[in-house]
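Asks: Questions regarding the structure given below will be posed in turn.
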Amino acid sequence: MQQDHAFVEIIRENEALIYKITRVYADTREDEQDLYQEIVYQLWKSFPSFRNESKVSTWIYRVALNTAIAYLNKEKRKGMVLPIHEILFNRPEERDVVKEEQIGLLYSHIKALSIVEKGIILLWLDGKNYEEIADITGFSSSNVGTRLGRIKQKLSHQINQ
Amino acid sequence: MTMELDEMKKLWTDMSAEREKQKLLTDQMVQNMTKSNYQSKLKKIRIPEIMGTTISIAAALYILMDMQQFNTWYLTGCGIISAIILVLLPFLSIRSVYRLQSVNISGVSYKETLLAYAKRKKEFVSVQKLAFILGALLVVVILPVMGKLIGGKDLFAESWLWIWYSIGFLFFSFYARYVFRHYMNSVSEAEVILKELE
């Protein structure tokens, strides 16, 4: 019971993180909902083996990013989707029309990157340093630096087109 | 509308901060997502595979138990090949789906997961190709087998069987070209990922 409560708290504290990952990796609103549930479910399944050896956010990033890859590879089948409250996927941050357009553009630039690049840039945008990105992604810190340089160049080129 | 990289990062940070403030999830919503009745989309093997396997095995047993009805070498040959394919096809299908979906999600890094999926995707496509060819072969060999078992006739003795085979082959060759192009796209996607990870 205490474990349930701790898990719920962790998810609630990191709901924005999961939301951003679903929005980067899923193409439709329905897929976003589906992926969100899948990530929470996979986190729940791996929660007993999480022993605080790494930071909670590192664990969440790992499971969430890996679930997103698995989700992209899944055979498209209809399963039961719980009716998550639609409010979770409403975008109140986008009430401002100009901001809405900018955020939409931002996501479209990230979505246009390759699957390898998406994960790295997402972590960089979330303020992670090279070591943290390396820890989550499994690339070496120097490799993260090289890749980030290339991704930034690519993004600059994309946004200036 | 264009945006500079710095603007992009600032926008992301602002959006994240705003989103974090919102706290839209309720305890109940999280609990619902963790309940066992939630059917994970990544679950390994499901009803279609189980049903397909049952039907295939039943058909293979039906053929094998009535083998004595085949009074020519070619019908016996078709019967044996049909039974082998009927057992092999669901086995290949389940194995490849299981392999593709059995990557450990929690204990590995992003790079390891990408590598595993790209490799398994290539493997999956090879198995799918093999299954497609076996499926086509099954259609050819099972027709005379069922003709004999159900209708009591040797279809090879009927000249129209060859006409149907010829028409079928024509359609199959177009369909095969379409299917294999789709497989090639899947493989090249996987190869791009593997190359990027090098």
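The values are calculated or read from the model by the stated rules, or taken from the named source; none is laboratory data. On a predicted model such as this, the values are computed, not experimentally measured, just so you know. All Cβ positions, glycine included, derive from the backbone under ideal geometry; neighbour counts span all protein chains shown. The accessibility values were calculated without ligands, DNA or RNA, using every heavy atom of the protein model including side chains. Shrake-Rupley method; radii C 1.70, N 1.55, O 1.52, S 1.80 Å.
Asks: Given A:106, A:122, A:155, which one is under 14 Å from residue A:21 (Cα atoms) and either modelled with pLDDT under 90 or among the acidic types (Asp, Glu) (or both)? Can you show your working first?
Replies: On the way: A:122 fails: either modelled with pLDDT under 90 or among the acidic types (Asp, Glu) (or both); A:155 fails: under 14 Å from residue A:21 (Cα atoms).
Sole residue among the options that is under 14 Å from residue A:21 (Cα atoms) and either modelled with pLDDT under 90 or among the acidic types (Asp, Glu) (or both): A:106.
Asks: Against the conditions (1) open to solvent by less than 90 Å² (accessible area, probe 1.4 Å); (2) farther than 16 Å from residue B:157 by Cβ, where does residue B:50 fall short? Just the number, please.
Replies: That leaves (1) as the condition not met.
Asks: Kindly establish whether residue B:95 is farther than 30 Å from residue B:145 by Cβ and within 24 Å of the chain's Cα centre (by Cα). Spell out how you get there, then give the answer.
Replies: Values: farther than 30 Å from residue B:145 by Cβ: no; within 24 Å of the chain's Cα centre (by Cα): yes.
No, not satisfied.
Asks: So, in segment B:116-127, of the ones that are open to solvent by less than 50 Å² (accessible area, probe 1.4 Å) and of a type outside the set (Val, Ile, Thr), which residue ends up farthest from residue A:117 (Cα to Cα)? It would help to see each step written out before you state the result.
Replies: From segment B:116-127, those open to solvent by less than 50 Å² (accessible area, probe 1.4 Å) are B:116-118, B:121, B:124-125, B:127; that's our starting set.
If we keep only those that are of a type outside the set (Val, Ile, Thr) too, we end up with B:116-118, B:121, B:124.
Values: B:116: 17, B:117: 16, B:118: 15, B:121: 19, B:124: 24 Å.
The residue in question is B:124.
Asks: Determine whether segment A:128-148 contains at least one residue that is out of contact with any strand residue (DSSP E or B) (no Cβ under 8 Å at 6 or more places or on another chain), open to solvent by 20 Å² or more (accessible area, probe 1.4 Å), modelled with pLDDT of 90 or more and on the phi > 0 side of the Ramachandran plot.
Replies: yes
Asks: I'm trying to understand the selection: among the residues of segment B:119-128, which are farther than 11 Å from residue B:187 by Cα and at pLDDT 85 or above? Lay out the reasoning, then the answer.
Replies: Looking only at segment B:119-128, we keep the residues that are farther than 11 Å from residue B:187 by Cα, and these are B:127-128.
Within segment B:119-128, B:127 is the sole residue that qualifies.
Asks: On to the next question. Please work out which residue is farthest from residue A:66 (Cα to Cα), limiting yourself to segment B:83-132 and to residues that are within 11 Å of another protein chain (Cβ to nearest Cβ) and among the β-branched types (Val, Ile, Thr).
Replies: B:97
Asks: Of everything in segment A:100-127 that's facing another protein chain (nearest Cβ under 10 Å) and polar (S, T, N, Q), which residue is most open to solvent (accessible area, probe 1.4 Å)?
Replies: Result: A:102.
Asks: Please state which one of B:87, B:103, B:108 is over 18 Å from residue B:148 (Cβ atoms), β-branched (Val, Ile, Thr) and modelled with pLDDT of 90 or more.
Replies: Values: B:103 fails: modelled with pLDDT of 90 or more; B:108 fails: modelled with pLDDT of 90 or more.
Sole residue among the options that is over 18 Å from residue B:148 (Cβ atoms), β-branched (Val, Ile, Thr) and modelled with pLDDT of 90 or more: B:87.
Asks: Six or more apart or on different chains, Cβ atoms under 7 Å: show the pairs whose first residue is in segment B:12-37 and under 14 Å from residue A:127 (Cβ atoms) and at the interface with chain A (Cβ under 7 Å from one of its Cβ atoms) and whose second is outside any helix (DSSP H, G or I) and open to solvent by 20 Å² or more (accessible area, probe 1.4 Å).
Replies: Taking only residues 6 or more apart or on different chains, the pairs are B:16/A:126.
Asks: Here is a further query. Does residue B:132 qualify as being in contact (Cβ under 8 Å) with a residue 40 or more places away in the chain, open to solvent by less than 40 Å² (accessible area, probe 1.4 Å) and of a type in the set (Phe, Trp, Tyr)?
Replies: Numbers: in contact (Cβ under 8 Å) with a residue 40 or more places away in the chain: yes; open to solvent by less than 40 Å² (accessible area, probe 1.4 Å): yes; of a type in the set (Phe, Trp, Tyr): yes.
Answer is yes for this residue.
Asks: Quick one: what pairs do we get from segment B:179-198, first residue at the interface with chain A (Cβ under 10 Å from one of its Cβ atoms) and touching a residue at least 40 places away in the same chain (Cβ under 8 Å), second open to solvent by 40 Å² or more (accessible area, probe 1.4 Å) and part of a helix (DSSP H, G or I), C-beta under 6 Å, 6+ apart or different chains?
Replies: B:190/B:121; B:190/B:122; B:197/B:115
Asks: Okay, moving on. Name the single residue that is nearest to residue A:70 (Cα to Cα) among those in segment A:23-43 being among the β-branched types (Val, Ile, Thr) and open to solvent by less than 10 Å² (accessible area, probe 1.4 Å). Walk me through it before giving the result.
Replies: Residues of segment A:23-43 that are among the β-branched types (Val, Ile, Thr), as a first pass: A:24, A:28, A:39-40.
Now drop any that are not open to solvent by less than 10 Å² (accessible area, probe 1.4 Å), which leaves A:24, A:39-40.
Values: A:24: 14, A:39: 10, A:40: 14 Å.
Among residues in segment A:23-43 that are among the β-branched types (Val, Ile, Thr) and open to solvent by less than 10 Å² (accessible area, probe 1.4 Å), the one nearest to residue A:70 (Cα to Cα) is A:39.
Asks: For the condition of a type in the set (A, V, I, L, M), within 8 Å of chain B (Cβ to nearest Cβ) and over 18 Å from residue A:135 (Cα atoms), what is the one hit in A:39, A:18, A:11?
Replies: Details: A:39 fails: within 8 Å of chain B (Cβ to nearest Cβ); A:18 fails: within 8 Å of chain B (Cβ to nearest Cβ).
Step by step, each of A:39, A:18, A:11 is checked, and only A:11 is of a type in the set (A, V, I, L, M), within 8 Å of chain B (Cβ to nearest Cβ) and over 18 Å from residue A:135 (Cα atoms).
Asks: Go through segment B:81-119 and count every residue that is in a helix (DSSP H, G or I) and closer than 21 Å to residue B:52 by Cβ. Quick ask: steps written out before the conclusion?
Replies: Filtering segment B:81-119 for residues in a helix (DSSP H, G or I) gives B:81-101, B:110-119.
Now restrict to residues that are closer than 21 Å to residue B:52 by Cβ: B:81-101.
Total satisfying the criteria: 21.
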